[in-house]
Amino acid sequence: MTNAATIAPRAFDPVALYKALFLAVVAVFVATPLLATLLGGFKSLGELRTNPFGLPKVWEWENYADILFSKRYWQLLRNSAIISTLSVALTLVAASMAAFVFAHIKFYGRTMLLNYLPMGLLFPAATAILPLFIKVRDLGLLDAYFGVVLPQVAFSLAMSILLLRRFFKDLPDELLEAALVDGCSYLNYFRYVTLPLSRPILATVGTITFVHSWNAYLLPLVMLNSDDLYPWPLGIMVYQGEYSSEWHLILAFITLTILPTILLFLLAQKHIIAGLTAGAVKG
């Protein structure tokens, strides 16, 4: 006959309770405006003014249907997708190559340039909008996709290089040494070893860049003049008149246009967390 071991009751941990309560408060704080935006799109303008946070008394499904079946909505999404995709592609190409150089190749001025990069995080695009406009105009890129893409890439490089460099530095040095001994060049090592092993951080940088570009408003407003090239943040102006705004349609439009970024984040969530936490714990 086997005697069952006595299991001591687990002591109450107030820290875990505080963490759960804090996370619950944060979740409510984040979800409330999203839920209010979603429900606001189902209301009439009059009900939205009198009942902004409650459930709709009459569900106005046509608010979403009219937007989904309009040609304008899909044109705006296409423009946003083109601008965001180009921004992500150029940022990943330029930032990954620069980060690889900073991580593995020693050259004169490397430390100075590396210390100079964080300064790019201190200045938003709004502080340089006038010189940016003049430079884009001189390059002949006004009212073109690349007139928006190139400034977005420039302002994304600093953070992207720092994130990628940290990940590249944490890869085992033995891989590089063995590759060099076998006659592998730096370019082939970067292409066939570093990039395949860096999918988490590439997904992290790509997602952050995509969301930032997708939600950008100021640069497209300044650089684009044609309605045919407007991304979705500028498309909201369709529902804003001189004296009033159709807020119920604006909320429905916002809900439909932020869904791609939410889905992208959910799909890439595992890689994003892995990329941001890589190197945080040393064994």
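Give the Kirkwood hydrodynamic radius (Å, one decimal) of the stretch 22-177, defined as one over the mean of 1/r across all pairs of different Cα atoms.
20.1 Å
First obtain the Kirkwood hydrodynamic radius of the stretch 93-143 from its Cα pairs, then insert it into the Stokes-Einstein equation at 25 °C and 0.890 mPa s, and state the resulting D in µm² per second as a whole number.
183 µm²/s
Roughly how far apart, in whole Å, are the Cα centres of the stretch 83-127 and the stretch 145-180?
The stretch 83-127 and the stretch 145-180 have Cα centres spaced 7 Å from each other.
Suppose all protein chains stay in the model; what accessible area per residue would a 1.4 Å probe give for the chain, in Å²?
Here the per-residue accessible area is 62 Å².
Using only the Cα atoms of the stretch 68-123, what do you get for the radius of gyration and for Dmax, in Å?
Spelled out, the Cα radius of gyration and Dmax of the stretch 68-123 are 18.1, 58 Å.
By the scheme Lys and Arg +1, Asp and Glu -1, what is the net charge of all other residues having a beta-carbon under 13 Å from that of I129?
Residues close to I129 contribute a combined charge of +2.
Would you list the membrane-span-like helices of the chain, meaning whole DSSP H runs whose alpha-carbon atoms span at least 18 Å along their axis and whose mean Kyte-Doolittle value is at least 1.6?
Flagged H segments are 14-40, 247-277.
Answer rounded, prolate or oblate for the chain, using the Cα gyration tensor with square roots of eigenvalues a ≥ b ≥ c: rounded when a/c is under 1.5, else prolate when a/b is larger than b/c, else oblate.
It is oblate, given that a/c is not under 1.5 and a/b is not larger than b/c.
Could you tell me what percent of the accessible area of the stretch 144-217 is made up of carbon and sulfur, with a 1.4 Å probe and every protein chain present? List each step's numbers first, then the result.
Details: 2350 of 3620 Å².
Here it works out to 65 percent.
Give me the net charge for the shell around F253: Cβ to Cβ below 13 angstrom, other residues only, Lys and Arg +1, Asp and Glu -1.
Charge balance in the 13 Å sphere: -1.
For the chain, what does the helix formula give at 222 nm: sum of -39500 (n - 2.57) over DSSP H segments with n ≥ 4, over the residue count, nearest 500 deg cm²/dmol?
The helix contribution divided over the chain gives -21500 deg cm²/dmol.
For the stretch 92-217, just the Cα set please: Rg and Dmax, both in angstrom.
Rg, Dmax (Cα atoms, Å): 16.8, 51.
Quick check: from the Cα gyration tensor, does the stretch 16-110 come out rounded (a/c under 1.5), prolate or oblate? Let's see the in-between values first.
On the way: a/c = 5.15, a/b = 1.62, b/c = 3.18.
Oblate.
The values are calculated or read from the model by the stated rules, or taken from the named source; none is laboratory data. In this text, all values refer to a predicted model and were calculated from it rather than measured experimentally. Neighbour counts run over all protein chains shown; Cβ positions are idealised from the backbone, glycine included. When the accessible area is computed, the model is the full protein with side chains, heavy atoms only, and any ligands, DNA or RNA have been set aside. Shrake-Rupley method; radii C 1.70, N 1.55, O 1.52, S 1.80 Å.
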